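Notes follow the structure.
The values are calculated or read from the model by the stated rules, or taken from the named source; none is laboratory data. For clarity, every value in this text was computed on a predicted model and none was experimentally measured. Methodologically, a virtual Cβ is constructed for each residue, glycine included, from the backbone with ideal geometry; neighbour enumeration extends over all protein chains shown.
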Amino acid sequence: MLEYIVDAEQVTDEVLQPYIAIRVTTFSTTEVYRRIGKGQFPRQIKIGAKSVVWVEQEVMAWIDLMIAHG
């Protein structure tokens, strides 16, 4: 049985597919997941057995925070 994990309150109007979330950070895929593991980047939301997305607002807020701490 496949388990789909989607928190409806977290999914807003816009979500980002992995390649977009990774592209806007300019990090490698490995670095994004490394930072997730360290709690230094927003967690992805699992929407299927092999599918994840990021909440766009969370990624953009993270980018704004990085800019502010420049």
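Which is loosely packed, with under 14 Cβ neighbours inside 10 Å, charged (D, E, K, R) and at pLDDT below 95, of Arg43, Arg23, Arg34?
Arg23
For region 52-69, check the following and say yes or no: at least one residue is in contact with a strand residue (DSSP E or B) (Cβ under 7 Å, 6 or more places away or on another chain) and not hydrophobic (A, V, I, L, M, F, W, C).
Yes; the residues of region 52-69 include at least one that is in contact with a strand residue (DSSP E or B) (Cβ under 7 Å, 6 or more places away or on another chain) and not hydrophobic (A, V, I, L, M, F, W, C).
Using beta carbons and a limit of 8 Å, which pairs, at least six apart or on different chains, have the first residue in region 49-70 and closer than 16 Å to Val32 by Cα and the second one hydroxyl-bearing (Ser, Thr, Tyr) and part of a helix (DSSP H, G or I)?
Pairs that qualify, where the first residue is closer than 16 Å to Val32 by Cα and the partner is hydroxyl-bearing (Ser, Thr, Tyr) and part of a helix (DSSP H, G or I), are Val59/Thr25; Ile63/Thr25.
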